[in-house]
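Engineer: Have a look at the structure that comes next, please.
The values are calculated or read from the model by the stated rules, or taken from the named source; none is laboratory data. Note that the coordinates shown come from a computational prediction; the quantities given were computed from them, not determined experimentally. Don't worry about glycine lacking a Cβ; one is built from the backbone with ideal geometry, like all the others, and counts go over all protein chains shown. When the accessible area is computed, the model is the full protein with side chains, heavy atoms only, and any ligands, DNA or RNA have been set aside. Shrake-Rupley method; radii C 1.70, N 1.55, O 1.52, S 1.80 Å.
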Amino acid sequence: MTGNRSIRRLALGTVATFAAIVSPLAAQAQEAATPAPASQTPSSERPRNVIFILVDDLRFDGLGFLQPGIKTPNIDKLAAGGSYFPNTRATSSLCSPSRATILTGMTARNHGVVDNNHSSEEGLTFFPKYLQGQGYQTAFLGKWHMGNDTPDPRPGFDKWISFKGQGNYYPNTGISDEAFAKGAVHMLNVDGKEVPQKGYITDELTDYALNWLSKERDSKKPFFLYLSHKAVHSDPLPAPRHAHQYDNFQFKLPASAANTPENYKGKPRWVYDQRNTWHGIDFFYNSDMPMTEYLKQYYATLSSVDDSVGRIMQYLKKAGLEKDTLVVFASDNGFQVGEHGLIDKRNAYEASVKVPLVMYEPGTVPAGVVNTGAIRNLDFAPTFLDLAGAAKPTQFEGKSAWPLITGKQAAKDWKAPDFTYEYYWEWTFPQTPGTFAIQRGNLKYIQYYGVYDIDELYDVAADPDEMTNLAEDPKYLEAKIELRKALYDQLANREGKHVIPYTQRQSIGAVRRNRNGTGAAPFPDEWLVEPNREDRLDPIVNDSLAKQAAHERGEKFVPSPIVGQGTNSVEHGIKSLPKSAKN
């Protein structure tokens with residue numbers, strides 16, 4: 001999964017032509033690059049529509065035009081006819097904090113949704129509320145997954161369809177045949193009412209989206225559609241039509257996935273310790289499934305999202321709205337597939353924080369362009385308000401990227417703010433320590449909170465795979481000191497306080513150990529288990545008397561088969577679909 005070296009260099013800012021990347025689409029890109037007549041752009045009297053498509057856990061290079069062998073023809077067409085932004089990053093690479101940042105225009109230290117464990121939404125205003133003030137009709141469809149983990153409608157949306165937590169790919173995922181026969185099924189919240197899930201979730205959300213676009217909304221008003229897919233979050237289950245799409249394709253892992261002394265030279269201790277954990281390449285999700293096999297499920301699940309994009313674009317063309325509608329395709333965070341022996345996100349390494357971003361609107365967004373200007377998920381909300389003509393609220397911390405997106409400001413002239421990263425340690429997944437990072441230009445500095453370990457410094461232009469830690473290189477001492485101070489200053493909240501108390505780091509601290517002394521402590525014996533246990537989620541679920549009683553009875557509290565097995569399989573899911581959808 002290392003991908004083409006030239007692609008990685010491009011994604012870090014090297015100037016290149018879009019046609020060189022998308023060779024199969026080069027002709028389309030060249031044709032699309034022809035400037036559109038002025039009459040094709042939205043007039044000032046008619047604000048543009050926006051369709052914001054957010055996927056979950058899609059890595060930065062996980063699209064067909066970036067990685068040979070991946071099949072995403074509809075998203076590839078968006079990129080060929082629009083602009084691709086390779087330097088887009090999430091200021092907190094985790095579902096709930098990232099989604100809260102997108103919706104509020106604030107960082108995690110200020111919006112307070114710091115992990116996936118039911119943070120409060122009290123006092124938060126979501127940007128679609130301001131769009132309503134501009135006359136927009138707004139709709140949210142899909143995964144919300146923040147706040148108190150309820151599927152109930154939120155302020156700022158005229159149309160609402162969601163589900164609790166992560167949702168489920170199939171109506172019966174995780175439900176036994178016996179329970180399903182008695183009527184047990186996963187539910188959706190449709191405008192405040194509980195409605196049974198009827199089909200494969202990506203397809204069903206798309207059906208709801210097209211129904212709202214074509215039948216329910218007021219056609220006299222501009223609209224903002226926020227389509228938030230569950231895909232491709234774990235455990236990914238493809239639709240029946242894609243279940244065997246990659247059976248004969250061999251995925252490759254990054255070189256840094258190998259357990260070698262060279263790969264761990266200069267890396268913190270926690271990185272090596274994480275190899276054999278829920279978020280490590282050797283025991284990810286407590287399964288013995290190779291990552292090369294998991295990726296077949298992952299990318300097959302993405303194919304339904306690509307189908308969804310194709311259906312939406314077909315509607316826009318048929319309705320004559322293609323040139324009046326900005327289509328944005330993005331992910332909430334990145335995803336590692338073995339980089340440094342890690343999987344998932346959370347940390348500050350590139351494959352974790354970088355996200356794909358494609359924008360399309362003929363005549364407004366330049367066609368066939370790779371735009372290297374840096375954008376953060378923090379910048380989405382102010383950008384959406386800017387293009388709608390709404391004033392920027394005082395609490396917004398990001399910067400509108402609309403001049404960059406439309407080409408009115410060249411990437412070389414784009415003054416991007418520092419990329420400041422914050423991840424707060426979670427008791428549910430304690431493998432990754434609290435992480436703070438800052439990138440200024442090409443230098444990225446990373447430090448950790450509450451863990452006995454080293455810090456890191458990388459030149460991501462010269463070293464895109466982050467293999468050479470420069471933190472103790474004397475040549476970078478001044479740069480390190482400067483970035484340490486800038487990081488500490490920028491992590492203060494709106495009251496000037498640091499929500500996790502810590503003092504500014506001035507040196508590496510008293511970290512030395514006796515070379516011939518005691519080694520690192522082993523993990524507790526009770527943590528060492530065999531793979532594929534169906535009680536794999538039990539340690540994550542809140543402790544309770546009911547959970548304790550179940551364990552005393554020798555039972556699983558939350559049965560959870562490994563992906564592809566039992567009630568967590570495509571074969572099981574097919575049973576819940578109508579005959580017409582089983583092929």
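Engineer: Averaged per residue, what accessible surface does the stretch 83-199 expose to a 1.4 Å probe, in Å²? Mind dumping the intermediate values first?
Structural biologist: On the way: 3830 Å² over 117 residues.
Heavy-atom SASA per residue in the stretch 83-199 reads 33 Å².
Engineer: Which whole-number value in Å² is the accessible area per residue of the stretch 338-412, probe 1.4 Å?
Structural biologist: Numbers: 1930 Å² over 75 residues.
Accessible area per residue, the stretch 338-412: 26 Å².
Engineer: Continuing with this model, one more query. What spacing in nm lies between the two simple spin-label points modelled at ASN211 and ALA255, each 7 Å away from Cα in the Cβ direction?
Structural biologist: 5.2 nm
Engineer: At a 1.4 Å probe, what is the % contribution of carbon and sulfur to the accessible area of the chain?
Structural biologist: Numbers: 12620 of 24490 Å².
Taking all protein chains in place, the chain shows 52 percent carbon and sulfur surface.
Engineer: D for the chain, whole µm²/s, Stokes-Einstein with Kirkwood Rh over alpha-carbon pairs at 20 °C and 1.002 mPa s: what number?
Structural biologist: So the translational diffusion coefficient is about 87 µm²/s.
Engineer: Heavy atoms only, probe 1.4 angstrom, no DNA, RNA or ligands counted: give me ILE540, ILE70 ranked by accessible area, highest first. Don't jump to the answer; show the numbers that get you there.
Structural biologist: On the way: ILE540 35, ILE70 15 Å².
In descending accessible area the options line up as ILE540, ILE70.
Engineer: Given a cut-off of 28 Å, name the pairs among LYS317/LYS399; LYS230/LYS354; LYS159/LYS230; LYS129/LYS412; LYS408/LYS475; LYS415/LYS485 whose C-alpha atoms lie farther apart than that in the structure shown. Don't jump to the answer; show the numbers that get you there.
Structural biologist: Details: LYS317/LYS399 31 Å; LYS230/LYS354 19 Å; LYS159/LYS230 18 Å; LYS129/LYS412 33 Å; LYS408/LYS475 38 Å; LYS415/LYS485 21 Å.
From the list (LYS317/LYS399; LYS230/LYS354; LYS159/LYS230; LYS129/LYS412; LYS408/LYS475; LYS415/LYS485), the Cα-Cα distance tops 28 Å for LYS317/LYS399; LYS129/LYS412; LYS408/LYS475.
Engineer: Which whole DSSP H helices in the chain pass both tests: a Cα extent of 27 Å or more along the axis and a mean Kyte-Doolittle value no lower than -0.5? All intermediate terms of the calculation are to be shown ahead of the outcome.
Structural biologist: Details: long enough: 291-318 (40 Å, -0.47).
Result, helices passing both filters: 291-318.
Engineer: Kindly rank 522-531, 158-167, 255-264 from highest to lowest mean number of other beta carbons found within 10 Å of each residue. Provide the component values of the computation, followed by the final result.
Structural biologist: Values: 522-531: 8.9, 158-167: 19.9, 255-264: 14.8.
So the peptides 522-531, 158-167, 255-264, ranked by packing, come out 158-167, 255-264, 522-531.
Engineer: For the chain, what is the calculated [θ] at 222 nm in deg cm²/dmol (nearest 500), taking -39500 (n - 2.57) for each run of four or more DSSP H residues and dividing by its residue count?
Structural biologist: On the way: 18 runs with 143 residues, N = 583.
Taken over the chain, the calculation gives -6500 deg cm²/dmol.
Engineer: On a full-extension model of 0.36 nm per residue, what is the gain between ARG311 and LYS485, subtracting their alpha-carbon distance, rounded to one decimal in nm? Can you show the working numbers first?
Structural biologist: Values: separation 174, 0.36 × 174 = 62.64 nm, distance 4.87 nm.
Roughly 57.8 nm would be gained on extension.
Engineer: Using alpha carbon centroids, what distance separates the stretch 553-583 and the stretch 196-269, in Å?
Structural biologist: Using only Cα atoms to place each centre, the spacing works out to 19 Å.
Engineer: Charges only on Cβ, +1 for Lys and Arg, -1 for Asp and Glu: so what's the dipole of the stretch 221-268 about the Cα centre, in debye to the nearest 20? Numbers along the way, then the final one.
Structural biologist: Details: 6 positive and 3 negative charges, 47 e Å.
Computed about the Cα centre, the dipole is about 220 debye.
Engineer: Report, ordered by chain and residue number, the lysines lying within cross-link reach of LYS480, taken as a straight Cα distance under 18 Å and ignoring same-chain residues fewer than 8 apart.
Structural biologist: List returned: LYS267, LYS444.
Engineer: Still on this structure: Just flag the trypsin sites (Lys or Arg not before Pro) in the stretch 314-360 sitting in loop per DSSP whose Cβ has no more than 12 other Cβ atoms within 10 Å. Kindly include the intermediate steps, with their values, before the conclusion.
Structural biologist: Values: sites: LYS317, LYS318, LYS323, LYS345, ARG346, LYS354; in loops: LYS345, ARG346.
Passing sites in the stretch 314-360 do not exist.
Engineer: Given labels modelled 7 Å from the Cα in the Cβ direction, how far is it in nm from LYS475 to ASP525?
Structural biologist: 5.1 nm
Engineer: For the stretch 512-573, what percent of Cα pairs sit more than 17 Å apart?
Structural biologist: Values: 1124 of 1891 pairs.
I get 59 percent for the Cα pairs in the stretch 512-573 exceeding 17 Å.
Engineer: A further question on this structure: Which of the trypsin sites (Lys or Arg not before Pro) across the stretch 401-458 are loop residues per DSSP, with 11 or fewer other Cβ within 10 Å?
Structural biologist: Values: sites: LYS408, LYS412, LYS415, ARG440, LYS444; in loops: LYS408, LYS415.
For trypsin sites (Lys or Arg not before Pro) across the stretch 401-458 that sit outside H, G, I, E and B with at most 11 neighbouring Cβ atoms in 10 Å, the list reads LYS408, LYS415.
Engineer: For the stretch 466-497, which trypsin sites (Lys or Arg not before Pro) are in a loop by DSSP, counting at most 11 other Cβ atoms within 10 Å? Could the numbers behind the result be given before it?
Structural biologist: Values: sites: LYS475, LYS480, ARG484, LYS485, ARG494, LYS497; in loops: ARG494, LYS497.
Sparse-neighbourhood loop trypsin sites (Lys or Arg not before Pro): LYS497.
Engineer: May I ask for the net charge around LYS415, where only other residues with Cβ less than 15 Å from the Cβ of LYS415 are counted and Lys, Arg are +1 while Asp, Glu are -1? Don't skip to the end; give the middle numbers.
Structural biologist: Numbers: positive: ARG376, LYS399, LYS408, LYS412, ARG440; negative: ASP379, ASP413, ASP418.
Once positives and negatives cancel, what remains is +2.
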